[in-house]
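These notes concern the structure reproduced below.
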């Protein structure tokens, strides 16, 4: 059975490989359809889309957008958006600017805690991408200050850690509106049991289009529960590995055997927009 992977990251955000290589590696592992969903940016999609087209696999532009609800982080996958839409471009630009300010604050906290990491080291890890906690952790490991990224998160960068800094608040409804204006759809990423079912229902009423069902963080019976919610509310169902590349931990493409039909349903729902850059049907 053909499978797709609709949750992949490159070094346009916190992945370890460039967008073209991410697509190549996913296809090498058997993916028939792909979406690159870097954090708060669409910048890797053009290169990844060209590579997908060259390799003859289905392609859907995407991004994983950071939102918050009542102080809780909410990750929202945007699919099928038109590039160059003012509202979405402005939102992503503001979120990226906040990430830069946040990285500076986190580096300052590490220094106060006796961990002598420099912002320049983080920028080297991020290259031209969006700076994230993962880049900060990798910079600390590369400097020989801690053994691995996991230990940095456990000791300092978890949501309750001493170096953690809150993100700028962007409520989910704002993301829904901007993505819909850009002709795309919004899917709740890896919900697990973090959000009560009532909250998911409320987001659906506010414009949420789907739920990511097949994901390493959705364990056991929770997948069936989330699928039931999605079907009851006529929401899309999606899935992916959330692969960040070699050395970043996590599952590889192909771990989640997401049906091609799920991707086709996302494309069909995006059909309310025009001039989209995806392609699913291949001769």
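Every read-out reported here was derived from the displayed coordinates using simple, explicitly stated rules and does not represent laboratory data. This structure is a prediction, so every number in the text was calculated from the model and none was measured. Cβ placement follows ideal geometry from the backbone for every residue including glycine, while neighbour counts extend to all protein chains displayed.
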- prompt: (1) 24, 23, 21; (2) 36, 27, 22; (3) 29, 21, 18: which one is semi-axes √(5λ) of the Cα gyration tensor in Å as calculated from this entry?
  reply: (3)
field: DSSP beta bridge pairing in the chain, given as percent antiparallel to the nearest 5
entry: 50
In Å, descending, principal axis extents of the Cα set of region 100-157: 26, 20, 16
query: Could you give the length gained on full extension between residue 127 and residue 173, defined as 0.36 nm per residue of separation minus the Cα-Cα distance, in nm?
result: 13.4 nm
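Fewest first, what order do 102, 138 take by the number of other Cβ atoms within 10 Å?
Working: 102 19, 138 23.
Least to most surrounded, the residues fall as 102, 138.
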query: Sorted by packing (mean other beta-carbon atoms within 10 Å per residue), highest first, where do 241-254, 207-220 land?
result: 207-220, 241-254
query: Rounded to the nearest 0.05, what FRET efficiency is calculated for residue 232 and residue 101 with R0 set to 41 Å and r the Cβ-Cβ distance?
result: 0.50
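If each residue of separation counts as 0.36 nm, what is the full-extension length gain between residue 221 and residue 150 once their alpha-carbon separation is subtracted? Walk me through the intermediate numbers first.
On the way: separation 71, 0.36 × 71 = 25.56 nm, distance 2.71 nm.
Going from the current span to full extension adds 22.9 nm.
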message: 7 Å from Cα along Cα→Cβ at both residue 164 and residue 90: what's the point-to-point distance in nm?
response: 3.2
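When the helices in the chain are scored as -39500 (n - 2.57) per DSSP H run of 4 or longer and the sum is shared across all residues, what 222 nm value do you end up with, to the nearest 500 deg cm²/dmol? Numbers along the way, then the final one.
On the way: 10 runs with 113 residues, N = 283.
Calculated at 222 nm, the ellipticity per residue is -12000 deg cm²/dmol.
Grab the beta carbon distance between residue 265 and residue 201, set R0 = 22 Å, and tell me the FRET efficiency rounded to 0.05. Before the final figure, lay out each step's value.
Values: r = 20 Å, r/R0 = 0.92.
According to the calculation, E is roughly 0.60.
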query: How compact and how long is region 144-250, expressed as Rg and Dmax of its alpha-carbon atoms in Å?
result: 16.4, 51
